[in-house]
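Inspection log for the structure reproduced underneath, given as structure tokens.
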Amino acid sequence: MKLEYILKEKDFIDFHLFSISENKKTRKIMNTTKFALVAVFIFIGINMYNRNNVEFAIILGIVAILTLFFFDKLYKSKLRNHFSKIVKNSYANKIGEKQTMEFTPEYLIMEDKTGEGKTKISEIEQIDETQNNFFIKLSNGSSFIVSKNGIENLEQIKKKWNDLNIPISENLDWKWK
């Protein structure tokens, strides 16, 4: 089975955002940072209140509440911008280029303008499916991105992967919010 597709900037950004959203450590860091900021604002606000600077204490209280409610959106927006810059710098030569991927009973063969590479099928840990992409995760920690754009017979492709005993994780409702 041979797949031919072209990766866009959005595919690379989505890969990084999907990877980070699946990481439990990232969620823990985000929550710790949010609550630490809120605690700092409340601590300084209480100190200001004790020094009879009530107006500044109220402002810090409002900032603490706003941080509690809007930190997640701001943090995720900053991550999107961060990964967008990384993709533009690191993957500029792969964006818009034709990629070819072939699955044989023993190997996954990747080919692009830089050359060809082989990976044993047994090294594929799982394939994560999102609305627009497949992310093929390997046991060594690296991954391949397959854009669904322009690929036909998705059900036949998934059947072939099942025949090769490659686990598929469907995340069709995943979105970076």
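Residues in segment 97-139 that are touching a residue at least 40 places away in the same chain (Cβ under 8 Å), buried (at least 17 other Cβ atoms within 10 Å of the Cβ) and polar (S, T, N, Q): Q99, T130, N133. Checked against the criterion of being outside the structural domain of I127 (by TED's automatic domain parsing), modelled with pLDDT of 95 or more, part of a helix (DSSP H, G or I) and β-branched (V, I, T), the candidates I29, I62, I20 yield just one match: I62. In this entry, E55 is excluded by the filter for residues that are acidic (D, E) and assigned to a strand (DSSP E or B). None of D128, D173 is touching a strand residue (DSSP E or B) at 6+ places or on another chain (Cβ under 6 Å) and either under 15 Å from F15 (Cβ atoms) or of a type in the set (D, E, K, R) (or both) except D128.
Within segment 1-30, the set of residues being under 13 Å from the mean Cα position of the chain (by Cα), loosely packed, with under 15 Cβ neighbours inside 10 Å and within 23 Å of E152 (Cβ to Cβ) is empty. Return yes or no: is K94 outside any helix (DSSP H, G or I) and surrounded by 13 or more Cβ atoms within 10 Å (Cβ to Cβ)? Answer is yes for this residue. Of all the residues in segment 82-112, those that are among the charged types (D, E, K, R) and farther than 30 Å from K159 by Cβ number 2.
Has segment 104-122 got any residue that is assigned to a helix (DSSP H, G or I) and touching a Ser or Thr at 6+ places or on another chain (Cβ under 9 Å)? Taking every residue of segment 104-122 in turn, at least one turns out to be assigned to a helix (DSSP H, G or I) and touching a Ser or Thr at 6+ places or on another chain (Cβ under 9 Å). Criterion first (farther than 21 Å from F134 by Cα and part of a loop (DSSP other than H, G, I, E, B)) does N89 satisfy it? Judged against the criteria, N89 is not a match.
The values are calculated or read from the model by the stated rules, or taken from the named source; none is laboratory data. Note that the structure is predicted; figures quoted are calculated from it, not measured. Cβ sites come from the backbone with ideal geometry, for glycine too, and all protein chains shown count toward neighbours.
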